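The values are calculated or read from the model by the stated rules, or taken from the named source; none is laboratory data. Keep in mind that this is a model prediction, so the values were computed, not measured. FYI the Cβ positions are ideal-geometry reconstructions off the backbone, even for glycines, and counts take in every protein chain you see. When the accessible area is computed, the model is the full protein with side chains, heavy atoms only, and any ligands, DNA or RNA have been set aside. Shrake-Rupley method; radii C 1.70, N 1.55, O 1.52, S 1.80 Å.
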Amino acid sequence: MPPSGVISPSCIYACTRFRVRRTTLLPHEEYLRIMRMSIPEVVAHLSHREDYRQEIMDLAHDYTGAQLIEEAVNRNLSRSFRHAMAIAPGDLQTLTMEYLTRWDIANVMAILRGTVHRVPRQQIRDLLIPAGEIDSPLLDNLLDQPDCGRAIEALQGWRLHPILSEHYQACGEQGVFARFENELYRQYYAELLNLGTSGCGGCQELVDYLRFEIDITNMRNLLRLHCAEEACDITVIDRTMIPGGRIPTSLFRRLYGIETEGEFVNVFLETEIAPVLAQAVRELRQDPDFSSVDAAELVWQRWHQRRRPVHEIEMAVTRIRLHQMEALSRRHPFSVLAVLAYLERKKYEVANLRAIARGKAFGLPSERIWQYIVL
């Protein structure tokens, strides 16, 4: 390991490769061209791109149309993430592996829910991205299990298995999957934040970014709970909120109990979400005068009506989050941020292509599909 403050040649090499990879992702103007294509034309277009050609060729005998696109880009995403793990050295690899654990959580929850609700195996398989510690053979083994309990047993080698085993007997009962998910993500962020304090290049900036991500997640979960048919008590709020963000969980508890607009707006303005939301809406609506107070009042309107956030605004906030990570990665070019900025952008490129394929398959107009694109 090089002395403190000295960047190793292997780190410089890896981060440079990730920055080059970032330049190969689809630019804005290419999305505009793809949006004008038919599904067969999209397939042909992707087959001529070096990064997707192999997956299209491998799967063309088994799938066609929109399903071929979705299968190919999913497989490409998994390959991209595995390759990232292979070239990231030392601390970069450790942090990248920890960061990708979120895919393990998403995959496990999709399998458990699908198994309980008897969703066809292939339909569940289509949702999975083997990008983390749990590889394709283990995912296939989980899919073969006859019930939720057996699937949890098959996960005994997974380091987050103890969280699942706590609620083993309640598997499939109402609300248990929400408890699974809450506890898994709480542990996920706790471990990632702990690694982020190790002093590696860009780690402090990564921690700051993760704390912001936790705040956004907590606010989204709070809105979801408030929109539920039945009100929940404070213990549910405490179990759902993820600690470690910039905003203390006590402030989210205060927000949940507020019933007047003035108090809600004042408390919401204490959060760092308000200016981010204001920026997102300014960019979305091309309204330079939209302020943090306007943002707080907008949230109150949805809150008071017990309605979920506007999807387009959620997408706009996601764009702001990605831009923040990319700005950090440019400031710290030889750090884990260079790796994660690429991985996040690659994830959304695949999500964009899936949205286009699915939207075209259902005959949605381009302007409707565009609402689901993150650039």
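Pairing each residue of segment 72-86 that is among the polar types (S, T, N, Q) with any residue that is assigned to a helix (DSSP H, G or I) and open to solvent by 10 Å² or more (accessible area, probe 1.4 Å), provided the two are 6+ apart or on different chains, yields C-beta distances under 7 Å for ASN76/ASP51.
Against the numbered list (1) β-branched (Val, Ile, Thr); (2) exposed (fewer than 13 other Cβ atoms within 10 Å of the Cβ); (3) in contact with a His (Cβ under 8 Å, 6 or more places away or on another chain), ILE34 comes up short only at (2). Looking at GLU272, GLU261, GLU283, GLU312, which one is open to solvent by less than 70 Å² (accessible area, probe 1.4 Å), acidic (Asp, Glu) and touching a residue at least 24 places away in the same chain (Cβ under 8 Å)? On inspection, the qualifying residue turns out to be GLU312. Only one of the numbered conditions (1) open to solvent by less than 70 Å² (accessible area, probe 1.4 Å); (2) under 22 Å from the mean Cα position of the chain (by Cα); (3) more than 19 Å from VAL299 (Cβ to Cβ) is not met by ILE247, and that is (3).
Checked against (1) among the hydrophobic types (A, V, I, L, M, F, W, C); (2) surrounded by 14 or more Cβ atoms within 10 Å (Cβ to Cβ); (3) modelled with pLDDT of 95 or more, ALA44 passes all but condition (2).
The sole residue among ILE313, ILE369, ILE320 that is in a helix (DSSP H, G or I) and more than 17 Å from GLU283 (Cβ to Cβ) is ILE369. Among the residues here, SER366 does not qualify as in contact (Cβ under 8 Å) with a residue 12 or more places away in the chain, over 15 Å from the mean Cα position of the chain (by Cα) and open to solvent by less than 40 Å² (accessible area, probe 1.4 Å).
Given the condition at pLDDT below 90 and buried (at least 18 other Cβ atoms within 10 Å of the Cβ), answer yes or no: does some residue in segment 150-159 qualify? Scanning segment 150-159, I find no residue that is at pLDDT below 90 and buried (at least 18 other Cβ atoms within 10 Å of the Cβ), so the answer is no.
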